1. Obtain the nm distance between the two label points defined at Arg109 and Glu63 by a simple spin-label model: each point lies 7 Å from its Cα along the Cα-to-C-beta direction.
2. How do Met51, Met108 rank when sorted from fewest to most other Cβ atoms within 10 Å of their own Cβ?
3. Counting other beta carbons within 10 Å of each residue's own, what order do His58, His123 fall into, fewest first?
4. Can you list residues from other chains, or at least 5 along the same chain, whose modelled amide H is less than 5 Å from the amide H of Trp121?
5. Could you list Tyr133, Tyr61 so that the one with the fewest beta carbons within 10 Å of its beta carbon is first and the one with the most is last?
6. Using a Cα-Cα cut-off of under 21 Å, which lysines could be cross-linked to Lys184, ignoring same-chain neighbours fewer than 8 residues away?
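Every number here is computed from the coordinates shown, using simple stated rules; none is lab data. Quick caveat: nothing in here was measured; it's all calculated off a predicted structure. All Cβ positions, even for glycine, are placed from backbone atoms using ideal geometry, and neighbour counts span all protein chains on display.
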Amino acid sequence: MKIKLRTKLGFTLIELLVVMVIIAMLAALLFPVIGKVVETAKKTKARTEVMNLKTAFHAYYTEFGVWPPTDNNLPGQVQDVIGDIVSVTFTNSRNIIYYDFSTKKEAMRFVNGKWRYYDPWKHPYRFRVDHDYNNSIQDPFDNSQWRPAGVLVWSLGPNANVGDWQSPSGTESATQPNDSNRIKSW
């Protein structure tokens with residue numbers, strides 16, 4: 001008598017479900033890691049941009065002996081990095097490009113009639129310029145501290161609240177719980 005052996009041509013439903021559960025568990029373990037990597041990349045990008053902006057301001061100062069004009073030229077005034085200050089390409093009467101915003105179009109937005117430069121969390125980069133020329137600027141996060149600098153540039157980072165950018169005292173909001181989330185040039 002001949003016995004026919006049945007060959008297995010596919011996977012059973014149980015085998016497929018087990019594989020899908022294993023894949024789902026691995027994905028659940030990787031998603032938080034991927035999120036942290038993306039957040040670290042954003043912080044690195046913001047840190048690089050802050051330092052590049054600071055370097056551009058210093059290059060302008062080195063060339064002209066004055067800081068770029070701001071909206072009101074008031075000493076210590078907190079400003080957004082805007083296209084009116086640096087034009088869209090940070091040029092000047094000598095047509096020297098100190099910071100090329102044309103490669104940063106995804107971070108530029110036209111708000112209230114001005115071009116503003118935004119960080120990876122969609123908050124404007126901020127700065128203070130020493131228009132007194134005494135090489136001292138009040139810390140935007142702590143009025144009791146003065147920083148020995150000609151320009152301060154910063155991003156409020158990932159935890160900034162849109163309504164908390166500036167308190168009535170002129171300092172940046174102290175409601176942000178973790179100072180290490182701020183990206184600063186000092």
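1. Reported label-point gap for Arg109 and Glu63 is 2.9 nm.
2. Working: Met51 14, Met108 17.
Exposure proxy ranking, most exposed first: Met51, Met108.
3. Fewest to most other Cβ atoms nearby, the residues stand as His58, His123.
4. Answer set, sorted by chain and number: none.
5. Details: Tyr133 13, Tyr61 18.
Ranked by crowding around the Cβ, least crowded first: Tyr133, Tyr61.
6. Here the lysines satisfying the reach criterion relative to Lys184 are Lys36, Lys42, Lys43, Lys45, Lys54, Lys104, Lys122.
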